[in-house]
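This report refers to the structure that appears directly beneath it.
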Amino acid sequence: MTKNGTSPRPANTLAMAGDNTYNENSGQQYLAMEASLPLFDDLSFGRDATFVDYGCSQGAASMAVMQRLVSRLPPYSTASVVFNDLPSNDFNSLIKLLPSISPLDPTITVYPCISPNSFYNSVAPACTVDVAFALSSIHWLRQVPPPKSAEESFEEYLRKRNTRNAAASHQDLVEFLNLRGREVKPGGKLIVAAPSPCADDIDGRISGNEKLRCALFKAMDILIAAGKLPANATAGVYPPNHVHTERSFRAAVTETGAMWTIEKVYSKVIPHPAYQSMLESRSIKEDTKIRNALREQYAGIVMDWMLAVFKPFMRTWWMEQGLEEGVCEQVFQECSEQAKVEFVKSGGAELPVAQDFVFVRLNRS
């Protein structure tokens, strides 16, 4: 029991959808990685260096950063590159990408290492890490929040969850910074690209994001009504995460004492790449049939992107509620296709799916 008499929440142990699914649907996360690269440009480190990615997932974005870091090493160096994520992560997909870290200088030796562990635990020995980074990962909470109650609509649940998760998110960020503070060398760097609340709806991205989520839950409601999903199928499928702001970063850094100093910080909107492609294609012709086809194509891409995150939570919760494992994949595919239809019907396919990000570089004091 916790101090307030409630039962502790279960740990978050589920990684992204496997079989390279996350890599194939992480275009927006890759753009966020590219937007973080200026924070790596002026780094310096010794001949033998250790680089750690906390929350590497299946490695598509991680490899690009590791290659960039390794290329900055002087001749006859060694580089230990450590990829950390939950034990349930699809490390096989990541391993296949390791040859992409190929130093141009043949005198540089790279030693890859996989660390299957929550980054809310120790990941590396004390004072061994030169550059640590976490790109699109530290918004994941350590524990799974309570599921949606039967009395709440999905919209009400979304409105309340930010307030409910804020305290846990702050504690998790402080713990993450304290742990990395023990592992990163004095003078070493921690670089973070973290999803942040959308600042405004001028371009419709808040509406687009909401319509995408609501389309998925509408699809589940349809399958519940058809008897294909358990009655409580929507209650516990929302991923346990909470976005950060520059303000929340500064508050967490302050709470770690003099451990960290913020060197650089900036924010940027990262749209899903499919939206810009749709706009460019749509401007070629105004034919209604073409426009509808483009909307359906866009809906398919962004829904698959979201489901690469949601799928493990959906399947796990559905089976906990009584759905047979043997039919789970078939029902998931039906839900996916229905959600894409609902997204188009709601007008979401005419709006951007985009995420604000905050980018921070910290120096270990």
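The values are calculated or read from the model by the stated rules, or taken from the named source; none is laboratory data. Keep in mind that what you see is a predicted model, and the values were worked out from it rather than measured. Note: ideal-geometry Cβ built from the backbone for every residue, glycine included; neighbour counts use all protein chains shown.
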Count - residues of region 183-212 that are touching a strand residue (DSSP E or B) at 6+ places or on another chain (Cβ under 6 Å), of a type in the set (A, V, I, L, M) and crowded, with 17+ Cβ neighbours inside 10 Å: 6
Sole residue being of a type outside the set (G, A, S), part of a loop (DSSP other than H, G, I, E, B) and under 26 Å from the mean Cα position of the chain (by Cα), chosen from N84, N89: N89
Whichever residue in region 285-344 is within 16 Å of K211 (Cβ to Cβ) and basic (K, R) and, among such residues, is modelled with the highest pLDDT: K340
Flag for S137 being buried (at least 21 other Cβ atoms within 10 Å of the Cβ) and among the hydroxyl-bearing types (S, T, Y): yes
Candidate set from region 185-219 (those that are in contact with a helix residue (DSSP H, G or I) (Cβ under 9 Å, 6 or more places away or on another chain) and of a type in the set (V, I, T)); member that is farthest from Q28 (Cα to Cα): I191
Subset of region 116-170 (residues that are touching a helix residue (DSSP H, G or I) at 6+ places or on another chain (Cβ under 7 Å) and either hydroxyl-bearing (S, T, Y) or at positive phi (or both)): Y120, S122, T128, S136
